[in-house]
Amino acid sequence: MTNTLFSKNTIKKALSIIVSETAKDCFADLEADFQARIDYTPEFKLGQYASPAAMELAKFLKKPPREIAQTVCEAIKGSKYAEYFESVEIAGPGFLNLKLSVQVLQFLTSPDFSVQVYLDSIFTLKNEPRILFEFVSANPTGPLNIVSARAAVTGDAICRILKRGGLNVQKEYYVNDFGNQVSNLGLSFAYRVLQKNGWEIALPENCYQGEYILQVLNSLLESDSPDFIQNLDINSLKSNGEEFEKFLFKASEYFSVRAVDFLLETQQQDLFDFRVEFDRFFRESTLHEDEKVQQMAIKLAETGKVYEKDGATYFASTEYNDDKDRVIVRSDGRPTYLLADIAYHYDKIKRGFQKIIDIWGPDHHGYIARLRGALLALNFPEADNTSQEFSVLIVQQVNLIEDGKPIVMSKRLGQFQTMKDLIEKIPVDASRYFFITRAMSTHLDFDLELALTQSSKNPVYYIQYAFARINSIFRESSRDADGYAVFSQDSMQYLNQNLRAELVYFALRFPELIEDICQSREAHRMATYLHELASLFTKFYHEDENRILKKINENPVEADCLLSICWLTAMTLEAGLDLLGITAPREM
RNA sequence: GCGCCAGUAGCUCAGCUGGAUAGAGCAACAGCCUUCUAAGCUGUGGGUCAGAGGUUCGAGUCCUCUCUGGCGCACCA
């Protein structure tokens, strides 16, 4: 039997339709687009879902909430929907508690049921709106750090979930391969060359001080060592200032381009090792080459929100809630980073993306107002911060904790500070989980010891372990899991026991969770949910009456029910872990 | 000084667009392995949700103020 109400919607949505329709039948005053809210009950014994709609409507209908609830309750019981419920009750100040009948499970489950098929039927792939999700976007001037790792993993998980929810998402990494930072990078290499040739010259302050520069330099010279480096005459540089300057210029130019390419590749490798892939790496330099930055200055000037002062060109961002107006073209004629970034975001819109989501680091939040302001000035009114058309998520910083104390980040080698160090130290499953498990907006304490612990203390293994156990049950019982994707008619009677049904209905919240995350973009809820699901399963597993191998001999039909519960749980765990980019091993 | 983020159990944090008695893990204590994976389970203790006002049927959640911590306030990116 199929039923589109339940097979094409999440359970929440289906119940909302039922309660809303019924309420509108009862009260003619209600607006046509009234949608009753459906929540989870605080306790399973009250039912699976509850609606606070009666309380919300009390003022509008000028009736006591319990009376409204009573009317709706009776109406549902007398309607065609009655068969979906084991009970409908009024509780507390006017909650409508809904206890679903096991029959609903049959509506959910078609012969080819699986969690993925269920998700497919609820979330059909939409072509609109097209979403551009930009994250990481670190400067290609060094290895990726821990905050970038967090942004990478969290952003990747959100994108996976958005896609599973049927949304059209593209992942993009903006490469700042232009401007001062890149010049400084080249200069750092020039000085390192001098040091390498025996000149004990100090690096200027604006240079990158990290030791990694030296390693990259060696790699670059190994593959190609140009004449002007090979024939370097240190003594003549020391004595001849003009020649010295010439060398710095030449070496900077030579190395900056090659170093950016090299470092970008290194970053890409780190990301790949972390299971983070991008659809596109967008280079800032292409915006300059295509003169899009220049054109943007003209376009902004046309808005009338631009003025000249002290030889520089300003964008009047204070008109858009910014602290001060911002320079877009310097007095020497060079564009600022902001102008290029405006051009970049404008380009996103021109490429046909209706929604733009960025993840930025904690030190960039002050930047939001000016960029949002520029997009508004460019007549992209959807950039208004009340809508979600342009949103910036700020990922907060990370403290690595060892021996109960935070590790102080320093430039010294051997310090644990880059993404690569983390990959070498902590298994990817564990570090991904730890990054995703906390809300992006909170400062994260990353406990290295806990992440390394291979026991139940480490939540990621606890979740994987539940999945492995279920697979073990199928191995030991020599059953083929596929046969248990659907509850058989006969076996369903054995669901009538709290923990069994509770586990099933908790697993069936999965699509609702995906829907929530598509809205809130908070991937950590998936991590929390999976841990709770694993915990519920583990309790179920340890109950004496749920011992499956024993049950197979005693009561095969009841065993079928238990196997179906297990398989639904396993499919959900596997799908959820996959959305977090974490593996689901069948044996541990 | 201005802005952003945060303040929930000893520690790290959940708490879905305001909903019923505020939860989990770790740490502490007490039990449990002839049993499908003990990488586990059960139980106990632990709270002025930073503080004070306000909004309403109802506030950890929304508003205002205060306090504390982190970060940011360039013709750097």
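The values are calculated or read from the model by the stated rules, or taken from the named source; none is laboratory data. Please read all numbers here as calculations on a predicted model, not as lab measurements. Because the Cβ atoms are built from the backbone with ideal geometry, glycine has one as well, and the counts that use them run over all protein chains shown. Please note that ligands, DNA and RNA were not included when accessible areas were found on the heavy atoms of the full protein model with its side chains. Shrake-Rupley method; radii C 1.70, N 1.55, O 1.52, S 1.80 Å.
When only DSSP loop residues count, what GluC sites (Glu not before Pro) in the range A:538-588 have their Cβ near at most 16 other Cβ atoms within 10 Å?
Listed in order of number, the matching sites are A:Glu543, A:Glu587.
Under the rule of at least 5 residues apart or a separate chain, name every residue whose amide H is placed under 5 Å from the amide H of A:Phe446.
Hits under the 5 Å cutoff: A:Asn399, A:Leu400, A:Ile401.
Per residue, how much space in cubic angstrom lies within the convex hull of the C-alpha atoms of chain A? Write down the numbers at each step before the final one.
Details: hull volume 115.0 nm³, N = 588.
Dividing the Cα hull volume of chain A by its residues yields 196 Å³.
Accessible area, 1.4 Å probe, largest first: how do A:Met55, A:Met492 sort?
My answer, sorted largest first, is A:Met55, A:Met492.
Under the definition of Cα pairs under 8 Å and six or more residues apart, what whole-number percent is the relative contact order of the range A:180-273? All intermediate terms of the calculation are to be shown ahead of the outcome.
Working: 72 pairs, mean separation 42.1, N = 94.
Once divided by the residue count of the range A:180-273, the mean separation gives 45 percent.
Using the per-residue mean of other Cβ atoms lying within 10 Å as a proxy for protection, in what order, highest first, do the peptides A:192-205, A:270-283 fall?
Details: A:192-205: 13.4, A:270-283: 17.3.
Averaged packing, sorted descending, gives the order A:270-283, A:192-205.
One quarter of the convex hull surface, Cα atoms only: what value does that give for the range A:244-316 in nm²?
Values: hull surface 34.6 nm².
Seen from a random direction, the Cα hull of the range A:244-316 projects 8.6 nm² on average.
Looking only at chain A, where both bridge partners belong to it, what percent of the DSSP beta bridges are antiparallel (to the nearest 5)?
On the way: 22 of 44 bridges.
That works out to approximately 50 percent antiparallel.
How many angstrom lie between the Cα centre of the range A:524-588 and the Cα centre of the range A:415-442?
One Cα centre to the other: 27 Å.
Here are some pairs, A:Lys163/A:Lys405; A:Lys99/A:Lys550; A:Lys163/A:Lys350; which of them have Cα atoms lying more than 27 Å apart in this structure?
Correct reply: A:Lys163/A:Lys405; A:Lys99/A:Lys550.
Rounded to the nearest Å, what's the spacing between the alpha carbon centres of the range A:450-489 and the range A:311-377? Just the number, please.
If we compute the Cα centre of each part, the gap is 49 Å.
With Cβ to Cβ distances under 10 Å as the rule, what net charge do the other residues near A:Gly179 carry (K, R +1; D, E -1)?
Charge balance near A:Gly179 sits at -1.
Just the accessible area for A:Asp112, please: 1.4 Å probe, Å², rounded to the nearest 10?
About 100 Å², rounded to the nearest 10.
Could you pull out every residue, at least 5 positions away or on a different chain, whose amide H is within less than 5 Å of the one on A:Phe85? Hs are placed 1.01 Å off N in the peptide plane, and Pro or chain starts have none.
Correct list: A:Ser101.
Heavy-atom accessible area of A:Met440 with all protein chains present, probe 1.4 Å, nearest 10 Å²?
30 Å²
Any idea how far the Cα center of the range A:133-209 sits from the one of the range A:387-406, in Å?
After rounding, the separation between the Cα centres reads 17 Å.
Round to the nearest 10 and give me the degree value, 0 to 90, for the angle of helix A:524-542's Cα axis relative to the longest principal axis of chain A.
It is inclined by approximately 40 degrees.
Please give the per residue accessible area of chain A, computed with a probe of 1.4 Å over protein heavy atoms only, in Å².
Details: 27230 Å² over 588 residues.
Per-residue accessible area for chain A comes out at 46 Å².
Provide A:His443, A:His524 ordered by accessible surface of protein heavy atoms (probe 1.4 Å), highest first.
Most to least solvent-accessible, the answer reads A:His443, A:His524.
Would you kindly calculate the translational diffusion coefficient of the range A:459-579, applying Stokes-Einstein with the Kirkwood radius from alpha carbon pairs, for 4 °C and a viscosity of 1.567 mPa s, and quote it in µm² s⁻¹ without decimals?
88 µm²/s
Which of the GluC sites (Glu not before Pro) found in the range A:290-338 are loop residues per DSSP with 12 or fewer other Cβ atoms within 10 Å of their Cβ?
Sparse-neighbourhood loop GluC sites (Glu not before Pro): A:Glu291.
Given 4 °C and 1.567 mPa s, how large is the Stokes-Einstein diffusion coefficient of the range A:290-393 in µm²/s, with Rh as the Kirkwood radius over Cα pairs? Mind dumping the intermediate values first?
Details: Rh = 13.9 Å.
So the translational diffusion coefficient is about 93 µm²/s.
Need one number for the range A:180-273: average projected area of the convex hull over its C-alpha atoms, nm².
6.3 nm²
Could you list which residues have their amide H under 5 Å from that of A:Ala36, counting only those 5 or more apart in sequence or on another chain, with H placed in the peptide plane?
Excluding prolines and chain starts, which carry no amide H, the hits are A:Ser20.
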